[in-house]
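The values are calculated or read from the model by the stated rules, or taken from the named source; none is laboratory data. None of the values given here were measured: they were computed from a predicted structure. All Cβ positions, glycine included, derive from the backbone under ideal geometry; neighbour counts span all protein chains shown. Remember, those area values only see protein heavy atoms, side chains included, never the ligands or the DNA or RNA. Shrake-Rupley method; radii C 1.70, N 1.55, O 1.52, S 1.80 Å.
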Amino acid sequence: MEMAWLESHSRALGLFIDGKFVRSADRQTCNVTDSSGGPVCSTVCAVDEDASLSVSSGASGFKAWSALPCHLRAKTLLRLVSSLQRHGQCLSELCDLAQSPSSPSALVRLLQYYSGWAQLRDSLIPDWTPRGVVVVVVSDDCSLYSLMLKVLPALAMGNAVVAIPGVGTAPPVLLLAQLFVEAGLPAGVLNVVTGSVLSLGSKVAQNPHVSYVTYSGNKKDGEILCRATAGMGVPVSLSLSLGATCPFIIFESADIDSAVDGVIETAFKKNRECQWMLCVQESVWDSVVARLKVRMAGMKSVPLLAEGDRKLVDAAVQEAQQQGATLIQPCPPSSSGAAYPPTVLCGVAPSCTCVVTPSPGPLLPLLSFRSHGEGVTLGNHSPHGQAASLWTEDLTLALEAAKSLSVGAVWVNSHSVMDPSLPLSGHKESGNCIDGGKEGLFQFLRPSSSPPLPRSSPASVDYSTFGTAASAAIIPEGSNSSSTPRSYLQYVGGKQCKSESGSSVCVLAPGGTVLAYCPDGGRKDVRNAVEAAIKVQPGWMKKSPVARAQSLFSLAETLELKRRDMAVSLHSQTGLSLEKADMEVELSIAQLCDWAARCDKERGGVPSVPQSGSALSIPEALGVVGVVLPDSSPLLSMVSLLAAAVAMGNAVIMVPSPKYPLPALEFIQVLQSSDLPGGVVSIITGGRDQLTQALANHSVIKAIWYWGSMEGCQFLQHTCASPLKSLWLHCQEKDGVRDWAQPHASLQEEMWRQAVQWKSVWIPTA
């Protein structure tokens, strides 16, 4: 069947733009090959003109698609379900032929799930609106399922999509695009452009009609895309599952036979989106090794994905043996060739290259651990945080270990189970994006009360020197220094202190007189604040939601006691009338109480899944968050963002507005009088660029919320691609002034979702 479809296009597939195939004679082509290297078909290499045309078509399609009532969008997606069921065999064969295997039944489940959300968007997600034209980019080695896990929710929420698939994924995606239109999708709502993924991704993102870019694939290409799009004013999110190292942990209480069967099923696949490391408790090491030898006997060599992979595999095996590893193989490898036997590297060290940066090919590092806690520590050793598989018959141990692992998905006595009803969130270096579940829909929406993000062109930014300029003079020329201004201290690790530099910068009153001096913080101050935060944040996160709520209520009570002083500080610093300043303090107290009340209300859920068993969806703290505060509403904005982050179990390092730092410095007294643990909140004053640079370059900080310049936004997008951080960026020059005094429900929801990452836990019952 797939051959008939390919032959109908003369095995030369064009681009899919505005509801039809487009093919210009002067375009270069790329050949798609099967597993033996034989030709399958050719695809067009799109150029700038094609990229522009696809986005223009998407902008027109978005107007028609987003204007439809929810039930009509859902009806269109449901029609595609029946179409996909009719053409499922053709799609499956096409995926296999192009070396991008995906299950049609899994795609049908995706469609059914997201057609339901298309129907219910307005009733269950009110006050949110689609972003507009969304660009979905996947790397050459990414699966069709991973691409559609982004395309379908974007469409369900009312967006138009420009899909940029990898080479192997292109033929089935083009077939799906044709089926979409036949099912009634308006022309232009889904466009597919093929060619060089990274080049096309950055070209398409330059178009002012594009509102969002999301990528799935390997880390290297994701970093390049982030840096290429820095400064364009378009948010970019990454799902970096490919190449991630995932722990497969076998505890002594496991069913060893089932666990070893699970290892064999998943570790030696030709097409797999993650690499596994096997962690076995010492007491059952011999049993596991003996069963591996039995199960691997007679296994055939696994074809490698690329010709150059053989050298990488040989080098990884040689290095592991030099470090003392022994091998389990069903047969010796041939001297050359594009296949390699399944190989277990027994006894490798956690620091071995095959564990930290695994090579392609059927290699499985095998490590040992003594205690349950050591097994979790070993599982968290990898810089990646995609998923983990736990094997134990002890449910208490399973849940405790699942909670302690820094990964986005935990499979108990199972592996590689997927369903769109649960969020898939990469932790650490595995991404800053959430796919699946209700949680994954919000990346394709924006609060209705917030205008679309303004677009921009990249500025001329020297990334190596950004934030290194000296701070302003302590006393600027022409200032009135007849009185002796007060000198403030910053707040690090629960204590007030001077900056490490020992310098101060002046704070000016609205009339230009020197009002006070505040510390000129820098990189060393950020380092000290992070060291304090990582000591207390794990304990703060583990506190019960009720305990965290009590601490926030305590902050609110203390702020109420200092209400008059805070209002006077706001008045003298910003020029607000005392009445308006008092109102800002009142709203700040209300925000603290709001977030205290939310602490035990936002707790994930137990979604229904089609597989037997149960599943949990759990929001977790990010860790240490850097917050660069806006100039507007200096007290209210600080308290709102602080409360949102802290309520969810994070520690925060706050950089007050250089223009209006005094409300934050006065708030230190409130923090000291509360029962909030020292180190959970630090406040560092100084130059915005200097402190932004220090936050961006600290590997422990997991997220940065930024209000500042266009150049600062661009610097963060470029720099925070590695080590990867979650970014929430606002350009004060273009975004306008946010009305912090109007806490719309969707804006509160947005803050909460910026403060958490998600974990899914699968527990089978049969």
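Tabulated data for the structure shown
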quantity: Between helix 578-598 and the chain: long-axis angle, C-alpha atoms, 0 to 90°, nearest 10; calculated: 40
quantity: Solvent-accessible area, 1.4 Å probe, carbon plus sulfur percent, for the range 319-463; calculated: 53
quantity: Computed FRET value (nearest 0.05) for A25 with T357, which takes r as the C-beta separation and R₀ as 56 Å; calculated: 0.80
quantity: Share of carbon and sulfur in the accessible heavy-atom surface of the range 1-72 [1.4 Å probe, %]; calculated: 53
quantity: Alpha-carbon centroid distance for the pair the range 385-407 / the range 213-265, whole angstrom; calculated: 17
quantity: Selection from Q386, S614, G521 lying farthest towards where the dipole of the chain points positive, charges on Cβ; calculated: S614
quantity: Gained length - Q85 relative to D309, 0.36 nm times residue gap less alpha-carbon distance; calculated: 77.0 nm
quantity: Nitroxide proxy distance, nm - points 7 Å out along Cα→Cβ at L327 and K220; calculated: 2.4
quantity: Eligible lysines near K269 by straight Cα distance, threshold 27 Å, same-chain separation 8 or greater; calculated: K150, K219, K220, K293, K300, K311, K428, K759
quantity: Whole-Å distance, taken between Cα centres, linking the range 408-477 and the range 514-556; calculated: 22
quantity: Sorted peptide list for 184-197, 276-289, 253-266, criterion being average Cβ within 10 angstrom, highest first; calculated: 184-197, 276-289, 253-266
quantity: Efficiency of FRET between S503 and K269 - r from beta-carbon atoms, R0 60 angstrom, step 0.05; calculated: 0.55
quantity: Tilt relative to the chain, helix 219-228 - C-alpha long axis, 0 to 90 degrees, to 10; calculated: 50
quantity: For the range 153-194 versus the range 612-655, the gap between their alpha-carbon centres in whole angstrom; calculated: 36
quantity: Mean accessible surface per residue for the chain, computed with a 1.4 Å probe while every protein chain stays in place, in Å²; calculated: 38
quantity: Net length gained if the chain between E49 and S464 were fully extended (0.36 nm per residue, minus Cα distance); calculated: 146.0 nm
quantity: 0 to 90° range, to nearest 10: angle between helix 285-296 axis and the chain longest Cα axis; calculated: 40
quantity: Additional length obtainable on full extension of the chain from S336 to T765, 0.36 nm per residue less Cα span; calculated: 150.0 nm
quantity: Answer label, with Cα extents along the principal axes in Å calculated from the coordinates and candidates (1) 253, 77, 45; (2) 86, 62, 46; (3) 105, 63, 46; calculated: (2)
quantity: In nm, spacing of pseudo-spin labels at S612 and E93 (7 Å Cα→C-beta vector); calculated: 3.4
quantity: Protein accessible area in the range 567-677, 1.4 Å probe - carbon and sulfur %; calculated: 52
quantity: Cut-off 20 Å, label 7 Å out along Cα→Cβ of E7, residues of the range 30-68 by amide N; calculated: 32-34, 38-43
quantity: For the chain, calculated [θ]222 nm from helices alone, where every DSSP H run of n ≥ 4 adds -39500 (n - 2.57); calculated: -12500 deg cm²/dmol
quantity: Alpha-carbon gyration tensor eigenvalues x 5, square-rooted, for the range 168-247, Å; calculated: 24, 19, 11
